[in-house]
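A.B. asks: One structure, pasted below without further comment.
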Amino acid sequence: MTLPLVLSVLLGASASRFGRRLPPATAVRLLTAAMLVSALSTGFVLAVAGTLVLAQIPLVAALGHYSARVVGAGLPVPVAAGVLAAVVVCGLLATALRRAALGGRDLVLAALACRRLGPDAAGLVVVDDDEPDAYALPGIGGRVVVSTAMLRALPADERRVLLAHEAAHLSRRHHLWVQAAEVAAAANPLLHPAARAVRAAVERDADEVAATEVGDRTLAARALARAGLARATARREATMAAALAGADGAVAARARALLAPPPTRRRMLTGAVAALMLLTVTAAAVTSVDTEARFEAAQQAYAAAR
């Protein structure tokens with residue numbers, strides 16, 4: 001019963017490495033799927049643990065027409081742990097539902113913003129702003145929004161990279177993958193590192209799409225670094241050294257990845273994540289079968305005692 005929890009810890013601990021070594025598009029989809037499987041399985045076993053404890057209440061057993069004694073015989077979890085599991089799973093369910101509702105609200109607001117911006121050539125909207133910025137606005141059709149300051153900060157060939165990167169977020173529906181990962185992490189806090197890995201993989205995937213579109217990985221890396229530096233300079237309003245520090249980190253790692261050869265398929269890593277999902281589902285299925293057998297035996301004992 002505890003195996004899904006253990007596998008959740010393993011997924012959270014290894015997600016960053018998987019995200020860096022798998023091709024970004026594969027990492028986005030595979031890690032998100034693994035997170036959803038892990039969150040559902042963990043929630044299920046916690047709910048079962050709570051149910052097995054609550055099922056021993058005599059009134060509940062009488063209403064269900066089963067023997068509370070048989071249900072409680074050889075219980076795989078202590079009573080206190082079962083009660084705690086019931087409380088935790090209710091709290092996590094509420095948190096996940098709230099996160100899903102917030103994500104839905106954000107998508108609606110984005111769609112309304114797209115509608116207010118109106119139709120535009122190729123979904124591109126240029127806003128007059130002194131702060132260098134560019135982002136993808138999901139919605140019906142979606143929009144790529146870029147500020148005039150950002151356009152001024154980049155030469156023409158690097159603008160192509162920037163716009164291709166943001167357009168890739170829309171064409172690949174990255175916002176939906178990120179939302180799904182965030183909901184899974186809300187349902188299972190052990191998966192927060194995996195959600196961060198999905199967000200990083202989304203950016204890397206858009207980088208790779210942009211590099212492929214312009215046909216020059218060095219140009220893509222240079223555009224990424226220049227755009228990151230422009231943002232850091234404007235937002236920090238400090239010295240160039242501080243701006244360079246702000247532009248480092250994730251942006252520098254993405255630029256280094258673009259300067260390396262294109263990512264290749266890694267069957268062993270893909271198989272490892274798939275195996276992790278299979279083990280998680282199997283553990284939840286075994287828990288389900290054992291629990292069903294326990295209640296069937298309790299019902300038979302109840303019927304025999306009458």
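A.B. asks: Is it true that Val28 is in a helix (DSSP H, G or I), within 19 Å of Val289 (Cα to Cα) and open to solvent by less than 40 Å² (accessible area, probe 1.4 Å)?
C.D. replies: Numbers: in a helix (DSSP H, G or I): yes; within 19 Å of Val289 (Cα to Cα): no; open to solvent by less than 40 Å² (accessible area, probe 1.4 Å): yes.
Criteria not met by Val28.
A.B. asks: Hey, another quick one. Among the residues of segment 260-284, which ones are open to solvent by less than 50 Å² (accessible area, probe 1.4 Å) and not polar (S, T, N, Q)? Working first, answer last.
C.D. replies: Going through segment 260-284, the residues open to solvent by less than 50 Å² (accessible area, probe 1.4 Å) turn out to be 260, 269-277, 280, 283-284.
Within segment 260-284, Ala260, Leu269, Gly271, Ala272, Val273, Ala274, Ala275, Leu276, Met277, Ala283, Ala284 qualify.
A.B. asks: Okay, moving on. Is it true that Ala113 is more than 30 Å from Leu40 (Cα to Cα) and either of a type in the set (S, T, N, Q) or in contact with a strand residue (DSSP E or B) (Cβ under 8 Å, 6 or more places away or on another chain) (or both)? First the steps, then the outcome.
C.D. replies: Values: more than 30 Å from Leu40 (Cα to Cα): yes; either of a type in the set (S, T, N, Q) or in contact with a strand residue (DSSP E or B) (Cβ under 8 Å, 6 or more places away or on another chain) (or both): yes.
Judged against the criteria, Ala113 is a match.
A.B. asks: Could you tell me whether segment 240-259 includes any residue that is exposed (fewer than 12 other Cβ atoms within 10 Å of the Cβ), farther than 23 Å from Ala27 by Cα and modelled with pLDDT under 70?
C.D. replies: Checked segment 240-259: at least one residue is exposed (fewer than 12 other Cβ atoms within 10 Å of the Cβ), farther than 23 Å from Ala27 by Cα and modelled with pLDDT under 70.
A.B. asks: Can you tell me which residue among His165, His174 is touching a residue at least 60 places away in the same chain (Cβ under 8 Å), buried (at least 21 other Cβ atoms within 10 Å of the Cβ), within 23 Å of Glu208 (Cα to Cα) and within 22 Å of the chain's Cα centre (by Cα)?
C.D. replies: Values: His165 fails: touching a residue at least 60 places away in the same chain (Cβ under 8 Å).
His174 is the lone residue from the list that is touching a residue at least 60 places away in the same chain (Cβ under 8 Å), buried (at least 21 other Cβ atoms within 10 Å of the Cβ), within 23 Å of Glu208 (Cα to Cα) and within 22 Å of the chain's Cα centre (by Cα).
A.B. asks: Hey, another quick one. With respect to the numbered conditions (1) surrounded by 15 or more Cβ atoms within 10 Å (Cβ to Cβ); (2) at pLDDT 90 or above, which one is the sole condition not fulfilled by Gly123?
C.D. replies: Of everything listed in (1) surrounded by 15 or more Cβ atoms within 10 Å (Cβ to Cβ); (2) at pLDDT 90 or above, Gly123 misses just condition (2).
A.B. asks: Considering segment 212-229 alone, what residues qualify as being open to solvent by less than 20 Å² (accessible area, probe 1.4 Å) and either more than 25 Å from the chain's Cα centre (by Cα) or modelled with pLDDT of 95 or more (or both)?
C.D. replies: Within segment 212-229, the first condition is being open to solvent by less than 20 Å² (accessible area, probe 1.4 Å), and the residues that meet it are 219-221, 223, 227-228.
Of everything in segment 212-229, those that are open to solvent by less than 20 Å² (accessible area, probe 1.4 Å) and either more than 25 Å from the chain's Cα centre (by Cα) or modelled with pLDDT of 95 or more (or both) turn out to be Leu219, Ala220, Ala221, Ala223, Ala227.
A.B. asks: Of everything in segment 61-97, what is open to solvent by 50 Å² or more (accessible area, probe 1.4 Å) and within 17 Å of Leu40 (Cβ to Cβ)? Give them in sequence order.
C.D. replies: Residues satisfying the conditions are Val88, Cys90, Leu93, Ala94, Thr95, Leu97.
A.B. asks: For Glu182, state whether it is under 24 Å from Arg115 (Cβ atoms) and crowded, with 20+ Cβ neighbours inside 10 Å.
C.D. replies: Values: under 24 Å from Arg115 (Cβ atoms): no; crowded, with 20+ Cβ neighbours inside 10 Å: yes.
So Glu182 fails the test.
A.B. asks: Same structure again: Got at least one residue in segment 126-137 being over 20 Å from Ala168 (Cα atoms), assigned to a helix (DSSP H, G or I) and open to solvent by 50 Å² or more (accessible area, probe 1.4 Å)?
C.D. replies: no
A.B. asks: Something else about it: Going by what's in this entry, would Leu109 be described as under 30 Å from Ala201 (Cα atoms) and either in contact (Cβ under 8 Å) with a residue 40 or more places away in the chain or in contact with a Cys (Cβ under 6 Å, 6 or more places away or on another chain) (or both)? Spell out the reasoning first.
C.D. replies: Details: under 30 Å from Ala201 (Cα atoms): yes; either in contact (Cβ under 8 Å) with a residue 40 or more places away in the chain or in contact with a Cys (Cβ under 6 Å, 6 or more places away or on another chain) (or both): no.
When the stated conditions are applied, Leu109 does not pass them.
A.B. asks: Looking only at segment 37-55, how many residues end up being crowded, with 19+ Cβ neighbours inside 10 Å and closer than 13 Å to Ala298 by Cβ?
C.D. replies: 2
A.B. asks: Taking the conditions exactly as written (without any contact (Cβ under 8 Å) to a residue 24 or more places away in the chain, of a type outside the set (A, V, I, L, M) and in a helix (DSSP H, G or I)), does Arg160 satisfy them or not? Reasoning before the result, please.
C.D. replies: Numbers: without any contact (Cβ under 8 Å) to a residue 24 or more places away in the chain: no; of a type outside the set (A, V, I, L, M): yes; in a helix (DSSP H, G or I): yes.
It is false that Arg160 is without any contact (Cβ under 8 Å) to a residue 24 or more places away in the chain, of a type outside the set (A, V, I, L, M) and in a helix (DSSP H, G or I).
A.B. asks: If only one of Val9, Val45 is assigned to a helix (DSSP H, G or I), in contact (Cβ under 8 Å) with a residue 12 or more places away in the chain and more than 16 Å from the chain's Cα centre (by Cα), which one is it? Can you show your working first?
C.D. replies: On the way: Val9 fails: more than 16 Å from the chain's Cα centre (by Cα).
Result: Val45 is the single residue among Val9, Val45 that is assigned to a helix (DSSP H, G or I), in contact (Cβ under 8 Å) with a residue 12 or more places away in the chain and more than 16 Å from the chain's Cα centre (by Cα).
A.B. asks: Consider Ala100 carefully, then state whether it is out of contact with any strand residue (DSSP E or B) (no Cβ under 6 Å at 6 or more places or on another chain), open to solvent by less than 40 Å² (accessible area, probe 1.4 Å) and assigned to a helix (DSSP H, G or I). So that I can check it myself, show each step before the final result.
C.D. replies: Details: out of contact with any strand residue (DSSP E or B) (no Cβ under 6 Å at 6 or more places or on another chain): yes; open to solvent by less than 40 Å² (accessible area, probe 1.4 Å): no; assigned to a helix (DSSP H, G or I): yes.
When the stated conditions are applied, Ala100 does not pass them.
The values are calculated or read from the model by the stated rules, or taken from the named source; none is laboratory data. Nothing here was measured: the structure is a model prediction, and the numbers come from that model. Glycine also receives a Cβ, built like all others from the backbone with ideal geometry; neighbour counts cover every protein chain displayed. Accessible surface areas use protein heavy atoms only, side chains included; no ligands, DNA or RNA. Shrake-Rupley method; radii C 1.70, N 1.55, O 1.52, S 1.80 Å.
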